[in-house]
Amino acid sequence: MDRIEQKICDIIDKNQEEIKAFGRDIWCHAEMGYKEFRTAEKFAEYAKRYGLETEEGLAVTGVKSYLKGKESGGITVGVMGEMDALPIANHPDANPETGASHCCGHNAQLTGVIGAMMALTDPEVKEAMDGNVVFMAVPAEEYVDLPFKQQLMKEGKIRYGGGKCELIRIGAMDDIDIAVGHHTAPELDLRLSNGSTNGFVNKIITYTGRAAHAAAAPYMGIDAQNAALLAFHALDMQRESFQEKDFVRVHSYIVKGGPSVNVIADTVEVNSCTRAKNIPAVKDASEKADRAFRAGAVATGCGMRLETVSGYMPTIPCSDVTALKEALEEVAGDQYKVEYQGADQHTSASTDFGDVSCIMPLLQFSTGGYTGQLHNPDVRVTDEYLAYVVTAKVFALTAYKLLKNGGNYAKALLDSYQAVMTKESYVEFMDSMNKVEEIPMAPLEIV
């Protein structure tokens, strides 16, 4: 660790109580995706306090702050923290106004970016970097609250459900060359997270039938719930056609079912998610899911509206993790254990960091300081220093290492990286996955 790197860590340690307080505040005021107005305001307040040129309202709530100004030029590193939470209202620290809680650990990401901002804005540190750093507060990583997002789409405020997807689309990522991201991982200290993840598409299926008395005259009805249940069974029959190498996951649930046990359901809504390790497998599984959902309608005579909504891309492992590896090991010292997740390791969950990885190099790491299972109401912050302060150090040191010494590490990373897509081809693909299919109700004559 050189003198500037030590100074970065010292600045963050000096401000650790303020950093922890920020993390605690965001934890207790969780907000859902594209609704993170308070969170975004808090982030922007810090950026302006440090005199950073700042853009707000990107993809509804996103914030982007430039260390050296928007027109400074040079290689630019984007340090990204997600703002949104999950609809887990039974968590004891859930926000009573929103019903949301940070059982995803996004409050730690955002707090780490704030801590990195405190250190990298130091004049000597700032001067020592040959390039620019952008601090970003990113909306809507969790693909939940779909009806609200659909309404935003209808209003023309967004086109995609994921915040980073939308930031890519509107050009807010155009001037960033390398991205650095973070995840919370309970029960570990530090991890270099360079594995792949699944991509996915979402589906909203509405079956339309005809109500009737379920006991006295069920033959007078057309049961939309039967259509859904039959589709689920047909979907299960597809599973043997999925290949293990593709890590396919298809999971669905009934959002709206029948109104009563003695009423034939006239409308049933299903949400479904189709995931896989690569785009051809996502498309294959998606088409097989569509067959199953059609089958439910055709067999029962129900009408069907099947809407497919573009989701996230698979994550592409980074080709050169030198800067992040050094940062993690220096921060860990003798106090923390560093685990290494390589490019050959795969996670079947999804993140819109995958979309970022398709158009630019993405360095990702994970920190602990939490207990419980993510996306569950048992998640707790147990070590604020590890969760927030250590995260800030890794963010800051990684950005600095990429840009020091003429940006040698950043240049080497960019030379080794091969983009999967351009921004234009990415938007074209995402738009191609948005489609609607309708089947009219086809009742038979009652004999």
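Could you work out which residue, out of Gln335, Gln16, Gln345, moves most in a Gaussian network model of the chain, that is, has the largest mean-square fluctuation with Cα springs under 10 Å? Taking springs between Cα atoms under 10 Å, the residue moving most is Gln335. The stretch between Tyr219 and Ala442, if pulled fully straight at 0.36 nm per residue, gains 78.8 nm over its current Cα-Cα span. Mean-square fluctuation check for the chain, GNM, Cα pairs under 10 Å: which of Lys325, Lys126, Lys14 is largest? Top of the fluctuation ranking is Lys14. Counting only alpha carbon atoms, the long axis of helix 106-120 and the longest principal axis of the chain meet at about 20°.
For Gly369, the residues whose modelled amide H falls within less than 5 Å of its own, excluding neighbours fewer than 5 places apart on the same chain, are Glu187, Leu188. Compared with the dominant principal axis of the Cα atoms in the chain, helix 3-14 is inclined by about 60°. Close amide-amide hydrogen proximity is noted between His182 and Phe365, each under 5 Å apart and 5 or more residues distant or on a separate chain (H modeled in the peptide plane; Pro and chain starts excluded). Could you give the angle, 0 to 90 degrees to the nearest 10, between helix 391-403's Cα long axis and the longest principal axis of the Cα atoms of the chain? Approximately 70 degrees, to the nearest 10. What lysines sit close enough to Lys288 to cross-link, taking a C-alpha to C-alpha distance under 20 Å and skipping anything fewer than 8 places away on the same chain? Candidates past the 8-residue exclusion: Lys203, Lys245, Lys277, Lys435. The antiparallel fraction among DSSP beta bridges confined to the chain stands at about 70%. For region 1-124, the per residue solvent-accessible surface stands at 36 Å², with DNA, RNA and ligands left out and a 1.4 Å probe.
Centre-to-centre separation between the Cα atoms of region 24-51 and those of region 128-182: 15 Å. Here the Karplus relation 6.51 cos²θ - 1.76 cosθ + 1.60, evaluated at θ = phi - 60°, turns the backbone of region 412-423 into coupling constants of 5, 5, 5, 5, 8, 8, 10, 5, 6, 9, 7, 4 Hz, with x for every Gly and Pro. Legend: calculated FRET efficiency, Lys48 to Gln6, from the Cβ-Cβ distance at R0 = 30 Å, rounded to 0.05, equals 0.60. Peptides 419-428, 113-122 ranked from most to least packed, by the mean per-residue count of other Cβ atoms within 10 Å: 113-122, 419-428. Only one residue of Thr39, Ile114, Gly62 has its Cα farthest out toward the positive end of the dipole of region 1-119, where Lys and Arg carry +1 and Asp and Glu -1 on Cβ, and that residue is Ile114. How much of the accessible area of region 84-180, probe 1.4 Å, is carbon plus sulfur, in whole percent? The value for region 84-180 is 46 percent carbon and sulfur by accessible area. Computed over region 92-218, the range of Cα coordinates on each principal axis works out to 81, 36, 34 Å, biggest value leading. Pick out which of Glu329, Glu127, Glu41 has the largest mean-square fluctuation in a Gaussian network model of the chain, springs linking Cα atoms closer than 10 Å. Looking only at Glu329, Glu127, Glu41, the largest GNM fluctuation is found for Glu127. With a Förster radius of 25 Å applied to the C-beta separation of Thr322 and Asp378, the computed FRET efficiency comes to 0.10.
The charge dipole of region 197-342, taken about the Cα centre with unit charges on the Cβ atoms of Lys, Arg (+1) and Asp, Glu (-1), comes to about 680 debye, rounded to the nearest 20. Going through (i) 1.02; (ii) 1.06; (iii) 1.14, the figure that equals Cα Rg over 2.2 N^0.38 Å as computed for the structure here is (ii).
Couplings 3J(HN,Hα) of region 307-318, computed from phi: 10, 9, 10, 4, x, 10, 8, x, 7, 9, x, 7 Hz, in residue order, whole Hz [Karplus 6.51 cos²θ - 1.76 cosθ + 1.60, θ = phi - 60°; x for Gly and Pro]. Note on Ser425 and Thr347: their simple-model spin labels are 2.7 nm apart, each label 7 Å out from Cα toward Cβ. Partner lysines whose Cα lies under 21 Å from the Cα of Lys404, excluding those fewer than 8 positions away in the same chain, are identified as Lys7, Lys68, Lys70, Lys126, Lys325, Lys393.
The values are calculated or read from the model by the stated rules, or taken from the named source; none is laboratory data. None of these values were measured; they are calculated from a predicted model. A quick note on method: Cβ atoms are made from the backbone with ideal geometry, for glycine too, and the neighbour counts reach across all protein chains shown. For the accessible areas, the whole protein counts, side chains as well, though only heavy atoms, and no ligand, DNA or RNA atoms are used. Shrake-Rupley method; radii C 1.70, N 1.55, O 1.52, S 1.80 Å.
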